[in-house]
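In what follows, a structure is listed as structure tokens, so that the remarks can point back to it.
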Amino acid sequence: MVPKKPKIAVFKFASCDGCQLSLLDAEDELLLVAGAVEIANFLEASRRVVKGPYDIGLVEGSITTPHDVERVREIRKECRVLITIGACATAGGIQALRNWKDVKEFTRIVYASPEYISTLDRSMPVGSYVHVDFELRGCPINKYQLLEVLNAFLNNRKPTIPTYSVCMECKLKGTVCVMVAGGTPCLGPATQAGCGALCPSYARGCYGCFGPMENPNTSALSRHFTELGESNLDIMLAFRGFNAYAEAFRKESDAHE
């Protein structure tokens, strides 16, 4: 008797689809994954939908409407393991910038009939509403990290994902520190590795795409930004990017508002 393949489902909420595209971009690696599992629900790649329950559910996007809340709770019931992928699903995404404002004012400005718009006051990560088994950071995620996470859960082991800072990646690549050598503000010392220090490799400061590293010292980084001549507004905006509502970044940006 041929053993049943584990079933994987991919779901989308408020997002740009970039993290799902990272999975498709895995190309040859994805074929190996497809050979080991049954991709039962992945509308970005196929119209074929196999009903749950699922062994692993991957969720991209933030929760922004009452319908989203109901739907993500149903998805949680259908998935043995639930993994959130990307900044939107793990920290609310760039759309979480609305959390500091009155969303009703936005709907009045944008829509001719705002009374028909049903939305929550805040854009929140999936983990605010349901239990999440693993959060994979990034905007977008690193496709190799995604494959590692899938491999780990399929083989009942802990994923090997770095929790150290982007600075470590700069050192490993031999990239000159843009902040020390050029006085360029950089979130690298507080940001989790995963991008391969892409921006510093091009002499630009890190934008914090992978969210806060483990135990980030954001206050010390802000003090150094001040020494570089950055204003409170500059510092606030630096932390209000793709992962603005991640706790460490949110608290530091609030401290400079």
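Cβ-Cβ distances below 6 Å connect the following pairs, each with a first residue in the range 229-257 that is touching a residue at least 40 places away in the same chain (Cβ under 8 Å), a second residue that is outside any helix (DSSP H, G or I) and surrounded by fewer than 23 Cβ atoms within 10 Å (Cβ to Cβ), and a separation of six or more residues or different chains: 230/185; 241/207; 248/216.
Suppose we filter 171, 251 for residues that are under 23 Å from residue 92 (Cβ atoms) and among the basic types (Lys, Arg); which single one remains?
Numbers: 171 fails: under 23 Å from residue 92 (Cβ atoms).
Answer to the check: 251.
Residue 129 meets the conditions (1) over 14 Å from the mean Cα position of the chain (by Cα); (2) surrounded by 15 or more Cβ atoms within 10 Å (Cβ to Cβ); (3) closer than 30 Å to residue 39 by Cα; (4) without any contact (Cβ under 8 Å) to a residue 60 or more places away in the chain in every case but one. The failed one is (4). Within the range 117-146, restricting attention to residues that are in a helix (DSSP H, G or I) and of a type in the set (A, V, I, L, M), the residue that is modelled with the lowest pLDDT is 146. In the set (1) out of contact with any Asp or Glu (no Cβ under 8 Å at 6 or more places or on another chain); (2) assigned to a loop (DSSP other than H, G, I, E, B); (3) closer than 20 Å to residue 236 by Cα, the condition left unmet by residue 156 is number (3).
Could you grab me the full set of residues in the range 220-248 that are among the small types (Gly, Ala, Ser) and closer than 18 Å to residue 88 by Cα?
Here is the first cut: in the range 220-248, the ones among the small types (Gly, Ala, Ser) are 220, 222, 229, 231, 238, 241, 244, 246, 248.
Of everything in the range 220-248, those that are among the small types (Gly, Ala, Ser) and closer than 18 Å to residue 88 by Cα turn out to be 238, 241, 244, 246, 248.
Among the criteria (1) within 21 Å of residue 70 (Cα to Cα); (2) without any contact (Cβ under 8 Å) to a residue 12 or more places away in the chain; (3) of a type outside the set (A, V, I, L, M), the one residue 101 does not fulfil is (1).
So which residues in the range 102-135 are closer than 28 Å to residue 80 by Cα, out of contact with any Ser or Thr (no Cβ under 7 Å at 6 or more places or on another chain) and not small (Gly, Ala, Ser), if there are any at all?
Of all residues in the range 102-135, those closer than 28 Å to residue 80 by Cα come to 120, 122-135.
The next check asks that each one be out of contact with any Ser or Thr (no Cβ under 7 Å at 6 or more places or on another chain); those that pass are 122, 128-131, 133-134.
122, 129, 130, 131, 133, 134, listed by residue number.
Among strands (runs of 3 or more DSSP E) entirely within the range 1-115, having at least 2 residues that are of a type outside the set (Lys, Arg) and within 14 Å of the chain's Cα centre (by Cα) singles out 54-60, 79-85. Tallying residues that are surrounded by 15 or more Cβ atoms within 10 Å (Cβ to Cβ) and more than 24 Å from residue 207 (Cα to Cα) within the range 150-182 yields 6. For residue 175, the conditions (1) in contact with a strand residue (DSSP E or B) (Cβ under 6 Å, 6 or more places away or on another chain); (2) outside the structural domain of residue 91 (by TED's automatic domain parsing); (3) over 23 Å from residue 26 (Cα atoms) all hold with the exception of (1). Against the definition (more than 24 Å from residue 21 (Cα to Cα) and hydroxyl-bearing (Ser, Thr, Tyr)), how does residue 129 come out, yes or no? Spelling it out, residue 129 is indeed more than 24 Å from residue 21 (Cα to Cα) and hydroxyl-bearing (Ser, Thr, Tyr). In the set (1) in contact with a helix residue (DSSP H, G or I) (Cβ under 9 Å, 6 or more places away or on another chain); (2) in a helix (DSSP H, G or I), the condition left unmet by residue 149 is number (1). Looking at the range 114-131 only, could you name the residues that are closer than 29 Å to residue 25 by Cα and touching a helix residue (DSSP H, G or I) at 6+ places or on another chain (Cβ under 6 Å)? Hits for the range 114-131 are 123, 125, 126, 130. The set of residues in the range 128-145 being more than 21 Å from residue 199 (Cα to Cα) and of a type in the set (A, V, I, L, M) consists of 130, 132.
The values are calculated or read from the model by the stated rules, or taken from the named source; none is laboratory data. This structure is a prediction, so every number in the text was calculated from the model and none was measured. In this analysis, Cβ positions are derived from the backbone assuming ideal geometry, glycine residues included, and neighbour counts consider all displayed protein chains.
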